[in-house]
Structures are given as C-alpha cells and as structure tokens.
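Structure first, then comments.
The values are calculated or read from the model by the stated rules, or taken from the named source; none is laboratory data. This structure is a prediction, so every number in the text was calculated from the model and none was measured. Positions of Cβ are backbone-derived with ideal geometry, glycine not excepted, and every protein chain shown enters the neighbour counts.
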Amino acid sequence: MTRRGGKHLGILDNGKTLSLDFGSDIIKGVVGKHSKKGIVVEKCFRIELPVGLYEDGEIKDLDQMTYLLRNGLSENNANQLATHAVINSTSVVMREVTLPKVSKEEIEAIITYQLEDYIPINPDDYIVKYLQLGSIVEEGVDKLLILLVGVPRTMIQSHLTLLRNVNLKPEVLDYHGNAIAKLISAGGLINDTYDNNRTIACIDLGAKFTDLTIIEDGKVRVARVIEKGFDAMVQSIKLRVPGINEEDILKLIDSIDDISRKPTMDEANAEFIEALRDNIYEVLDRVEMIFRYYKTREVSNEINFILLYGGLSAIKGIDKMCIDFFDLDAGILKSLNKIRFNDRLGLYANAIGGLIRLSEVKK
C-alpha cells in the first residue's frame, strides 16, 4: 500500500504507536515512536469523512464511522496497534485554578470532591483530569497552578467504542491543545530558527474551527476553540462572489502569491481576495480578544511568537498577515529538529503530538 504523498513502508514493527487526530472532515493518522531523543514517524495517512458524520467531537453514526475507519486502517496497514486518539470540541471545558501545595493524591481528592467549586459542570457527565502548570505565590503563600480539563463522558466512551470496534488498542484520549503543546515542548528548534521555550501562540486553521493554544514553558496556559474555519469562509465568500464554488475557491487560494497584500481594484480576482482577507481578519480579531485576556491575567504575560499550522496555513503570505495584524513575529510550522517526518508537518501536528505520552486525558 502507498500513503498519500509517501512511499511503500510495508508491515510495521511491534512497539510502534498509532495516533489518530479526529477532525470534522478528515481523520489524520500517524504511526511512529517517541523517545527521549525525539519522535520518528514511519507512516502517515488521511481518511476523508462525509459531511455531517463527525461534528464538534461527536460521532453521528457509529456504524458508518466504524466502516470508514476500518477500511482506512486496512488500506494503510495500520491495524491492531496501541492507539492514542486526539479530539477537540467546544464541549471540552478547561479552567486554570490554584490549589494549596499538596500531594498528587490530595489534588485528585480535591478535584473529586470540590469539582463544582471550580467548573460549573455536572461531575457525572464529565471525566476531568488535570495538567500541572507549575507554582505561584499568592499573598506570600506558595500554591500549585493546575489546568483542569473536562471531556464529556459520552464523547470519551464513543471514541473508545469506535477504536475497539476496529480492533485497535486504545491507550490514551488526548485533546488538541495538549497534543500541540507536547509536540512543541519535545520538538526542539522550530523551523531551524525559533526557540521552543518562548511563549508561543499556536493557531490551527481547520475546516470547522480554529484552535488557539497559548504555550508557556512547554505547558498549555490557554486553549480555545474559535467557531469559524474554512467551511464558514467558503460560505461567506460564495455570498460575496456570485457564481463561485468551492472548487474555484480552492484553486484561487492556491494561486495567491501573498494574501497579506491588499489587491488593487483592477487586479484579477480582487473581489475574491478581499472576501478571503476579510474572513481571515475576522478570525484574527477573535484571536486578538483571547490574546488580550491572556495578557491581562498577569502583568508578566506576553506572547513572543505566533505559530500557524493546519490546512489554511498553506495560504501564501498568511504569516505576513499575522505579523502585520498583531505586530508580533509569526511563522508557519514546517519543521522541528527532533521530529523525523517526511510529509507536511503542519497538517499532522496534532496527530504527531498525540504520540507523546505524558499527562494526557486518559481513558
């Protein structure tokens, strides 16, 4: 079998892990291994999904999803492997809280018995785990800073059922923000230039949503889902440019030399370019609001670098557009010096981050 953009890899050795990144239109899969030296990815593939089958982290038809995933795994020779799944949804809740400096067991007890004091959810409906962010001093007292992550119980159960239906061995269920944070923390130098120890805002420009994760010292500090992605942009552009269809939009996007440059009125496709720019600016406006929230939480909070990945990061000049808009350094994720991967890193970033097993949301 061959994978898209790849070459024949044959049967995989034991000990490798499969990581699946579930998106609204595509499941992205990677098979590889994480060690202290870095990550080696031996295979990557994509399984396309019909519209409406997978929406905001919910599997709408388990039988159809099982059929498509089973066939996709078989075609790519990725069966019966230990598996990590990466999901995201507007239903995932996160809250940064401070606790007294106590043991791990005491943290878990506090979360179990006082959860509703920190997150307004029904504890019976969510599985809540935490990520340690470090420690802070409040009024002269040392305290722990943790990030609570709550995933709907039914969402976890449906994904585990799906994986077991296709004879995979589910080990970890993770979410996008944590996956990209682990990837950046473990990956080393970004694009052979940027230090991964800086505070980095990662923007995943996807089909249904735009995911924003602010990473400080390798840890998630803010993770938000912006409810606008490529699909909404397509619908908006169709309303402004009569007669244009999605295939035309994809071709025109590929032909753009620099989206950061405002077109002249007599330029070919000027109306389309302006419509696309306006839609991107709408997303950036929402990102800016989250940036302001992060910066006002603590006087020392600053963002040093914006890292773009996901499908729309392929638009030429979108990094320049971010530099001009935010007055911050920005770049498109192309390489990490501790990641061995021979495909487009920005497309598979969440899946590769899912290979790393540290403090995930576990089954």
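Residues being without any contact (Cβ under 8 Å) to a residue 40 or more places away in the chain and either assigned to a helix (DSSP H, G or I) or within 17 Å of the chain's Cα centre (by Cα) (or both): count how many of those fall in the range 135-185.
5
Before we move on, is Asp258 among the charged types (D, E, K, R) and not in a helix (DSSP H, G or I)? Lay out the reasoning, then the answer.
Details: among the charged types (D, E, K, R): yes; not in a helix (DSSP H, G or I): yes.
In short, yes.
If Asn71 passes every condition in (1) among the polar types (S, T, N, Q); (2) within 29 Å of Arg340 (Cβ to Cβ); (3) touching a helix residue (DSSP H, G or I) at 6+ places or on another chain (Cβ under 8 Å) but one, which one does it miss?
Of the numbered conditions (1) among the polar types (S, T, N, Q); (2) within 29 Å of Arg340 (Cβ to Cβ); (3) touching a helix residue (DSSP H, G or I) at 6+ places or on another chain (Cβ under 8 Å), the odd one out for Asn71 is (3).
Can you pull out the residues in the range 66-115 that are in contact with a Pro (Cβ under 7 Å, 6 or more places away or on another chain) and either over 23 Å from Arg297 (Cβ atoms) or buried (at least 19 other Cβ atoms within 10 Å of the Cβ) (or both)?
The answer is Thr83, Ala85, Ser91.
Across the range 38-55, which residue is farthest from Leu160 (Cα to Cα) among those that are buried (at least 16 other Cβ atoms within 10 Å of the Cβ) and of a type in the set (D, E, K, R)?
Per the criteria, the residue is Glu42.
Filter the range 209-235 down to the residues that are in contact with a helix residue (DSSP H, G or I) (Cβ under 6 Å, 6 or more places away or on another chain) and part of a loop (DSSP other than H, G, I, E, B), then identify the one that is nearest to Ile280 (Cα to Cα).
Looking at the filtered set, the residue picked out is Lys228.
Give the number of residues within the range 195-253 that are under 30 Å from Ser300 (Cα atoms) and small (Gly, Ala, Ser).
Final tally of qualifying residues: 3.
Do we find that Asn165 is modelled with pLDDT of 95 or more and on the phi > 0 side of the Ramachandran plot in this structure? Walk me through how you get there before you give the answer.
Details: modelled with pLDDT of 95 or more: yes; on the phi > 0 side of the Ramachandran plot: no.
So Asn165 does not fit the description; no.
On the basis of being surrounded by fewer than 19 Cβ atoms within 10 Å (Cβ to Cβ) and either outside the structural domain of Arg240 (by TED's automatic domain parsing) or among the β-branched types (Val, Ile, Thr) (or both), does Ile280 make the cut? Break it down into steps so the answer makes sense when it comes.
Numbers: surrounded by fewer than 19 Cβ atoms within 10 Å (Cβ to Cβ): no; either outside the structural domain of Arg240 (by TED's automatic domain parsing) or among the β-branched types (Val, Ile, Thr) (or both): yes.
When the stated conditions are applied, Ile280 does not pass them.
Criterion first (at pLDDT 95 or above and crowded, with 18+ Cβ neighbours inside 10 Å) does Val361 satisfy it? Show your work before the answer.
On the way: at pLDDT 95 or above: no; crowded, with 18+ Cβ neighbours inside 10 Å: yes.
Criteria not met by Val361.
When residues of the range 209-227 are filtered for being buried (at least 19 other Cβ atoms within 10 Å of the Cβ) and among the basic types (Lys, Arg), how many remain?
If we filter the range 209-227 for residues that are buried (at least 19 other Cβ atoms within 10 Å of the Cβ), which is where we start, we get 209-216, 220-226.
Checking which are among the basic types (Lys, Arg) leaves us with 221, 224.
Matching residues across the range 209-227 total 2.
Of everything in the range 90-114 that's among the β-branched types (Val, Ile, Thr) and part of a helix (DSSP H, G or I), which residue is modelled with the highest pLDDT? Please lay out each step first, then the result.
Of all residues in the range 90-114, those among the β-branched types (Val, Ile, Thr) come to 90, 92-93, 97-98, 102, 107, 110-112.
Now restrict to residues that are part of a helix (DSSP H, G or I): 107, 110-112.
Working: Ile107: 89, Ile110: 86, Ile111: 86, Thr112: 85.
Applying the filter and picking the extreme gives Ile107.
Within the range 292-311, how many residues are surrounded by 19 or more Cβ atoms within 10 Å (Cβ to Cβ), at pLDDT 95 or above and over 13 Å from Ile215 (Cβ atoms)?
Counting residues in the range 292-311 that are surrounded by 19 or more Cβ atoms within 10 Å (Cβ to Cβ), at pLDDT 95 or above and over 13 Å from Ile215 (Cβ atoms) gives 1.
Can you name every residue in the range 65-89 that is over 18 Å from Thr154 (Cα atoms) and assigned to a helix (DSSP H, G or I)? Walk me through how you get there before you give the answer.
At the first step, the residues of the range 65-89 found to be over 18 Å from Thr154 (Cα atoms) are 67-83.
Residues satisfying the conditions are Tyr67, Leu68, Leu69, Arg70, Asn71, Gly72, Leu73, Ser74, Glu75.
May I ask you to list the residues in the range 198-215 that are in contact with an Asp or Glu (Cβ under 6 Å, 6 or more places away or on another chain) and either of a type in the set (Gly, Ala, Ser) or free of Cβ contacts under 8 Å to residues at least 40 places away in the same chain (or both)?
Passing the criteria: only Ala207.
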